[in-house]
Structures are given as C-alpha cells and as structure tokens.
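Taking it in order: structure first as structure tokens, then the write-up.
Bear in mind that the values in this text are calculations on the coordinates, not laboratory data. None of these values were measured; they are calculated from a predicted model. Here Cβ is always computed from backbone atoms with ideal geometry, including for glycine, and neighbour counts include all displayed protein chains.
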Amino acid sequence: MQEIPFLDVNLSAVADPIPLIMSAEEFRKTAKFFQESPASKRSLVSAASQALIFSLIRNSRPEHVVEVGSFMGGTTECIGLALEANGKGLVHTIGPFDSGHFLPVFNSWPRGLQSRVRFYPTDSMNFFMQMQRDGIRPWLVFVDGCHDYEFALFDIQCAARSISAGGFIVVDNVSQAGPYFAVRDFLEANPRWLNCQWKPGAFDPAKAYDRERRAIIGTDFSVLRAPYAYILNHRPRTFGEVDWPTAKVQGLKLQLAGACNGTLHLQCILRGFSNTENVERTSSMSQTIDGRDGEITLMFENVLALDGVWRSCRVEPWLTWSGQEPLALSDWPQAI
C-alpha cells in the first residue's frame, strides 16, 4: 500500500488541532494524494475534506469510526486507508439506499482495505441501536446522511451519546440550513463541546444556503470535539439501556474525573422479558459527594431483583447531579 503523508499531532495536547493540521506542509501533500486518487471522482467531499479526516484518524488510531451516508464509498475508502495504515480499526458505514452504489465499488477493493470496512444497508436509527447493543464507542463519526434538520440533529445527538471522550463528530454540508442549524442547536444545548476553528462571520442570517458559513477552508464541515469527560448536571442523563446477564442489580460503579461537591441521584430501571410477559422494577438512591475523586460505588439498600425466569433482562441507569459545578465522569457508569 502506498504510504500517504500526514502531520503527526498529539491530539491530547491540543483542544483544536484543525488549524495546526491544515496549515502544515504535510497536509498539502495529504490533500494532493486524495486530489489525484481515482476515488476523488466517487466522493462528494473535497480532497481537503478527505485529507482532514485521514489526518485525524491516523493521529488517533481509533478502534471504531462511523460514517452516516455511504454513497459510492469515496470517503469510506479514505477512512479505510487510514485504518489500514494504522494497522487497526473498523469503519462502520451506513446507507439504507446505497447498496447498488457502494457494493460494486467495495468488491473491487483489495482484501486489506475490505477488512477494515463494515457496510450496513440500514438507516442510522437501527445502526445506532445495534451499536449500543454491541458496546461500540466510536472515536470519530462522519455525519453525511440526510441533510434535513431533523435527520442531521438526530445523527449528531446519537453520535454524541456514544462517542469516546475527546472524540470528533464531523458534520458535512453546513452551508445547507439543515446541518448548520442542527450543529448550532446541539452546541447551544451542549456548551462543553468545542466547535473547532469556528469563527462566526458576517454571513446573511436570512439565507438558508450560504457558503460563507463554512469556517474550515476547503471543506463544508463543522468539526465538533467532545469533552474529555462525561458530564452530569441537573438534567437526568442515561448512557442507554444495556443487556444484563442476570435478573438483579446491586448498584452502580462510577469513575469520577475530578473533585466536586454536591449530591448524586441515581434511578435504576431493571426490565425482564419472557415469552409471556414483560416486567419492570425501579430503585432510587442519593449520595453526597464532598470533594471525592476516583472510583466510587453506589449500592442499593435493597437489591433490585426480578422473580422468575426471564428470556432476557436489561438495565437502564439514570443519573442526576445537584451541585454548583457539573460532575465529570472519566467513563460510562457500570451496573453491578
């Protein structure tokens, strides 16, 4: 495989790596490679866009990348090349109407590149549900599916819920009203996320389609970076319902990412499913946290349990924080 140049960046040392990456001589070489690649004719994004995604993936060495919108595999190939160069990782690409476009191209790729790609001929809702069941936490999500506001916002929100701490959501087509306002509304609701290289300009707010909104030169992207911790505040938050191997839950294990003062409220829902009935039980508790850090365990006064035999069980913990400052977790809560 041809070696593709890229700028080596310590992503953990810089909050917004986009200006550093795109101003480097190495980036011009990366973009030149994708400009001259035959795949550029199949891609709906620019060579600079592909070079930026490639550079982020080469530097992060992720286990999982998600692409919403497969089309003819132009960007999928770029992601796959980065993963293959890393020697690890999978790109999960989603396209409910793209089988006829994507599969003939995919079948022409060398086996090494194919091994880095999983194609899902389904919609993003089904995929994100399955991704949660499989415990996949992507480090980068490329949102380039339906550009209507409602679809774009859904994809961004689902990506944000599952993404690894410090990961990136790359949203394409922000010159269009749907993705642009989806990004804007998401950031208003999630102020701890960073809109990389975003410098508000004097664009016309009356225009639904406006190329002057683009902040990252040579692309039609907004690049959103997740905080390095999972934030809890006054609004109840769940990290999703998970399959559970038994019919009981004793409590919850948390990894605090910094000292904080306040009260943590836990409500846990245990559901059992059989061929004849579905049963749901809940348990609640509160725990004062005074400047503590590191791992803590919250145990229910009475074990949350279901009687009988169940085909499957699921657990859904909800957490609410009461304190002057939000509570940060270094990892997702783990039921025990």
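Overview of values
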quantity: Cβ crowding within 10 Å averaged over residues, with 25-34, 271-280 ranked highest first; calculated: 25-34, 271-280
quantity: Cα-based equivalent ellipsoid of region 152-240: semi-axis lengths in Å, sorted from largest, via gyration tensor; calculated: 25, 13, 12
quantity: For region 232-335: Kirkwood Rh in Å [reciprocal of mean 1/r, alpha carbons]; calculated: 14.3 Å
quantity: Length-normalised contact order of the chain in % [C-alpha pairs under 8 Å, at least 6 apart]; calculated: 14 percent
quantity: Euclidean distance of C-alpha centroids, region 19-70 and region 135-198, integer Å; calculated: 18 Å
quantity: Ascending count of other beta-carbon atoms within 10 Å, so fewest first, for I79, I21; calculated: I21, I79
quantity: Listed residues V183, V249, V141, most fluctuating in the chain (Gaussian network, C-alpha, under 10 Å); calculated: V249
quantity: Simple spin-label estimate for D243 and K207 in nanometres, 7 Å along Cα-Cβ; calculated: 5.0 nm
quantity: Per-bin percent of Cα-Cα distances, region 203-264 [5 Å]; calculated: 3, 9, 13, 15, 10, 9, 11, 10, 9, 6, 4, 1
quantity: Label selected from (i) 27, 24, 21; (ii) 38, 24, 19; (iii) 33, 24, 19, the criterion being semi-axes √(5λ) of the Cα gyration tensor in Å as computed here; calculated: (ii)
quantity: Three principal axis lengths of region 173-292 [C-alpha, angstrom, descending]; calculated: 55, 46, 23
quantity: Choice from G240, G145, G258 with maximal GNM fluctuation in the chain (Cα, 10 Å cutoff); calculated: G258
quantity: Calculated on alpha-carbon atoms, Rg and Dmax of region 1-125 in Å; calculated: 14.1, 42
quantity: DSSP-defined antiparallel bridges as percent of all bridges, the chain, nearest 5; calculated: 75 percent
quantity: Rg over Rh [alpha-carbon atoms, Kirkwood Rh] for region 81-121; calculated: 0.98
quantity: Burial order of peptide ranges 46-53, 298-305 (average beta-carbon count within 10 Å, highest first); calculated: 46-53, 298-305
quantity: Packing-based order for 123-136, 89-102, using average beta carbon neighbours within 10 Å, highest first; calculated: 89-102, 123-136
quantity: Kirkwood estimate for region 91-145, i.e. one over the average of 1/r between Cα atoms, Å; calculated: 12.2 Å
